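Some notes on the structure that comes next.
The numbers here are math on the coordinates, done by the rules we state, and not lab data. Bear in mind that the values here come from a model prediction, so they are computed numbers and not experimental data. Using ideal geometry, Cβ is built from the backbone for each residue, glycine included, and neighbour counts are taken over all protein chains shown.
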Amino acid sequence: MTVSSPHAPTEQLPLAELLPDGAVASFDRSKDGHTVVIVDRSHLLEVLRRFKDDPRLGCDLLADLCAVDYPDRESRFEVVYHLASLENGHRFRIRVPVEESDPVVPSAYGVWKAADWFEREAYDLMGIKFDGHPNLKRILTHEAFQGHPLRKDYDPGQRWLLTEAETMVPAWATETGKLDDHLESQVLNIGPSHPATHGTLRTVARLDGELIVKAECEIGYLHRCFEKMSETHGWNEVISYTDRLNYCSSHINGAGFALAVEKMLGIEAPPRAQAVHVILSELSRVMDHAVCLGAMLVDVGALTNFWYFFQPREEIYGLLESCAGGRLTVSYARIGGLAHDVPADFVERVRFLLGYIPKFIDDVEALITSNKIFRDRTEGVGMISAEEAVGWGWTGPCLRASGVAYDVRKEFPYHGYDQYDFDVPVATGGDTYARYLVRIEEMRQSLRIVRQALDNLPDGPVITDNHYVALPPKDKVFTEMESMIWHFKLIYDGIKVPPGDAYSAVEGGNGELGYYLVSDGGGKPYRVKVRPPCFAIYQAFPHMLEGHLVSDAIAIQSSLNIIAGELDR
Amino acid sequence: MRQPDGTSTLLTTRVDAMLGWVRKNSLWPLPFGTACCAIEFMSVVSSHYDLSRFGAEVVRFSPRQSDLMIVAGTITDKMAPVVKRIYEQMAEPKYVISMGACACTGGFYRAYHVVQGVDEFVPVDVYVPGCPPTPEALMHGIIKLQEMIQNGETHNDRLKSARTDRAATSG
């Protein structure tokens with residue numbers, strides 16, 4: 001599969017001709033430059049199929065699917081599909097109005113498997129039913145939960161308690177499965193509290209001996225209501241919540257959210273802020289991959305590497321602490337730039353890291369890459385083909401390990417990534433070993449980007465001078481009347497984002513981290529939907545397990561780098 | 001106790017004090033790590049901060065083998081029955097450290113799916129604030145717990161003395 005670069009505009013496409021007659025209610029262009037197609041639900045499946053199958057559209061990736069609640073509209077809900085064509089570089093958004101009295105839309109699972117969990121999520125949180133979905137039940141909230149929390153009339157603090165008797169057991173797990181005359185299959189529960197499930201993931205598997213015959217995953221053990229919380233906070237305050245999505249690389253989340261809001265506001269962060277975003281994001285990516293690989297190697301029995309990888313992480317933490325005050329959850333990004341400038345010794349410290357980190361990567365490579373035990377456990381284990389991976393909605397290092405060179409930094413450059421010279425590492429195996437190789441090489445490429453960004457680090461302000469968005473400098477607030485008024489206005493009213501919606505993505509540690517934002521013009525977001533990369537990746541996991549050994553399941557899971565904060569939000 | 005000159009002397013102490021001293025220096029933590037705090041917990045046990053300096057580095061994921069549960073991360077209503085079950089499976093004496101704002105109070109997740117403090121259903125000995133707490137803060141919490149164990153001030157000790165009192169009054 002080839003990936004086009006750079007992003008191709010969609011204005012020239014004769015969409016009215018390409019799509020079925022009479023199916024499209026209207027076209028629109030949103031602020032982010034995506035073509036928006038508004039479709040009646042009776043034609044939805046037909047339109048989705050056309051988007052996927054027509055070679056001129058070729059949308060092979062269902063990037064995201066979500067629902068938005070507009071209680072004041074005639075049709076209360078809207079289901080939004082974000083489509084991407086990796087080959088043509090197109091981006092489309094499809095919106096389908098849905099009535100409150102009959103909240104049903106046909107399931108897109110038959111077109112893209114990626115719709116599986118995204119539809120369950122929309123059902124769970126918004127109460128939209130997807131006709132034809134194979135397993136439509138709650139996914140993030142628990143079994144005793146009542147109502148649909150992302151609806152605007154749901155009180156954010158309304159809890160429902162769960163007792164142990166009510167916890168999920170799949171229907172098939174309680175049936176006794178006879179394999180043959182004298183053998184019975186066994187059901188094994190792994191997690192959520194288990195060292196190899198990293199705390200919050202749960203898999204129920206039916207075994208034939210040591211072989212997994214069927215598996216199902218239960219997630220939501222860390223569902224902390226990010227999207228509902230975002231709706232109750234100001235735009236800048238959301239950044240402290242985004243940091244706790246993928247907490248292994250928190251700066252990328254905050255920078256991505258700020259970028260999405262900047263798109264809606266039509267502003268840009270100053271060049272210095274963008275370069276610092278790049279440096280910190282790439283170092284965060286190194287940390288993210290270091291945790292992923294370190295934990296993965298522990299799970300397959302190579303503990304030493306975990307300690308090796310934690311040493312450079314501590315040094316990067318030190319740098320982040322000197323910039324932002326926090327080690328792990330930094331909250332350093334702001335809409336329009338950064339909270340404040342980097343410390344005086346920033347360049348020196350980053351230079352030290354550039355010399356310090358590669359040694360640890362080399363050490364791990366020397367121990368692991370051609371290690372027979374490791375290769376025996378990972379080569380050919382958890383293989384997934386490029387087509388399947390894209391169909392499930394995979395992005396990031398896991399997709400690149402299957403041979404698809406899709407990287408948001410190259411396809412839809414942001415923060416000036418197009419100025420940097422770097423490669424997108426791709427492996428062809430699609431197995432656990434390939435995912436290891438890609439991550440190792442990505443750490444090196446990240447350091448290469450950091451080096452370039454550091455060499456060309458511009459001087460100047462780190463936050464926009466647009467005072468509708470950013471506070472004026474403190475010394476001016478105390479000495480100038482106008483600045484004081486700006487300060488007062490912004491503190492009092494918050495940032496006012498013009499009404500509309502936008503989707504913006506950055507390359508997170510696990511892949512395309514997208515934010516779909518809706519604003520009603522107020523000081524708080526109307527709707528924030530995150531496209532969590534590992535949510536799409538993890539939904540393929542139970543299907544990948546079939547035919548594997550239990551010990552392989554552990555190796556596969558840790559190679560996917562599932563971060564619960566991002567998965568469950 | 002044998003002295004350097006070869007003579008023997010006696011050291012008198014109370015059994016409780018002796019047990020407390022032994023227990024506090026051989027804590028086996030069970031990290032109930034769910035979120036960001038779990039990553040900081042990893043830092044604490046890693047080489048840089050090195051929790052083994054306080055005799056508490058033998059991390060066990062089986063509740064049967066551990067006596068200190070460190071709840072590191074947000075606990076949701078979906079997870080609550082699991083935490084409770086794990087706590088009940090631990091053998092006494094057992095202690096609980098609640099690490100981070102979420103485990104202490106729900107943190108800034110005042111929300112429909114988040115437990116507003118793990119002490120809703122398990123007794124907590126030490127609360128460590130922070131989002132996430134720095135490794136130093138967690139180590140401070142562990143040292144604090146060690147003092148409490150030595151002085152017999154943990155929840156477990158209170159429970160034990162309540163039981164003894166009850167037995168004394170009823171008998």
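Numbers for the structure displayed
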| read-out | value |
| --- | --- |
| Cα-projected label distance for residue B:153 with residue A:344, points at 7 Å along beta-carbon direction, nm | 4.3 |
| Segment residue A:459-residue A:369, extension gain: residue separation times 0.36 nm, minus the distance between their alpha carbons | 28.3 nm |
| Average beta carbon contacts from partner chains per residue of A:218-228, 10 Å cutoff | 6 |
| Shielding by partners, peptide A:190-197 (average Cβ within 10 angstrom, other chains) | 4 |
| Rg/Rh (Cα only; Kirkwood hydrodynamic radius) as it applies to chain B | 1.05 |
| Alpha-carbon centroids, region A:351-390 and region A:188-211: separation in whole Å | 24 |
| Region A:189-330 - charge dipole about Cα centre, Lys and Arg +1 at Cβ, Asp and Glu -1, debye rounded to 20 | 80 |
| DSSP bridge pairs, the protein assembly as shown: antiparallel proportion in percent, nearest 5 | 75 |
| Residue-wise HN-Hα coupling along region A:437-447, computed from phi with Karplus coefficients 6.51, -1.76, 1.60 (Hz; x: Gly, Pro) | 4, 4, 5, 4, 5, 5, 4, 5, 5, 4, 5 |
| Separation in nanometres of the label points that stand 7 Å from Cα toward Cβ, at residue B:7 and residue A:322 | 5.9 |
| 5 angstrom amide H check on residue A:64, placed H, neighbours 5+ away | A:82 |
| Other-chain or far-sequence residues with amide H under 5 Å of residue B:117's (modelled H) | B:105, B:106 |
| Chain A, dipole about Cα centre (Lys/Arg Cβ +1, Asp/Glu Cβ -1), debye to the nearest 20 | 740 |
| Residue B:15 versus residue A:30: modelled label distance in nm, points set 7 Å from Cα along the beta carbon direction | 7.0 |
| Additional length obtainable on full extension of the chain from residue A:496 to residue A:356, 0.36 nm per residue less Cα span | 46.0 nm |
| Under the Karplus curve 6.51 cos²θ - 1.76 cosθ + 1.60, θ = phi - 60°, whole-Hz ³J(HN,Hα) for region A:208-225, x wherever Gly or Pro sits | 10, x, 9, 8, 7, 9, 8, 9, 9, 9, 10, 10, x, 5, 10, 6, 10, 6 |
| Relative contact order %, region A:485-569, counting alpha carbon pairs below 8 Å whose residues are six or more apart | 22 |
| Over 30 Å [Cα-Cα, region A:65-221], rounded percent | 31 |
| Percentage relative contact order, chain B, counting C-alpha pairs under 8 Å, at least six apart | 21 |
| Farthest toward positive dipole pole in chain A [+1 Lys/Arg, -1 Asp/Glu at C-beta], among A:510, A:303, A:415 | A:415 |
| Rounded D (µm²/s) - region A:25-103, Kirkwood Rh over Cα pairs, Stokes-Einstein at 20 °C, 1.002 mPa s | 164 |
| Peptide B:41-49 - average C-beta neighbours from other chains (10 Å radius) | 4 |
| Placed amide H near residue A:527: partners under 5 Å, 5+ positions off or other chain | A:518 |
| Contour excess over end-to-end distance, with Cα ends at residue B:110 and residue B:28 and 0.36 nm allotted per residue | 26.3 nm |
| Set of aspartates and glutamates with alpha-carbon distance to residue A:228 below 15 Å, sequence-local pairs under 8 removed | A:69, A:121, A:124, A:153, A:155, A:237, A:566, A:568 |
| J(HN,Hα) series, region A:245-257, from Karplus relation 6.51 cos²θ - 1.76 cosθ + 1.60, nearest Hz, glycine and proline x | 6, 9, 6, 7, 9, 5, 5, 4, 4, x, 5, x, 5 |
| Global size of region B:22-85 as Cα Rg and Dmax, reported in angstrom | 12.3, 36 |
| Signed unit charges on C-beta, dipole axis of region A:13-114, positive-most listed residue A:66, A:89, A:44 | A:89 |
| Where only alpha carbons of the protein assembly as shown are counted, the Rg and the Dmax (Å) | 26.7, 104 |
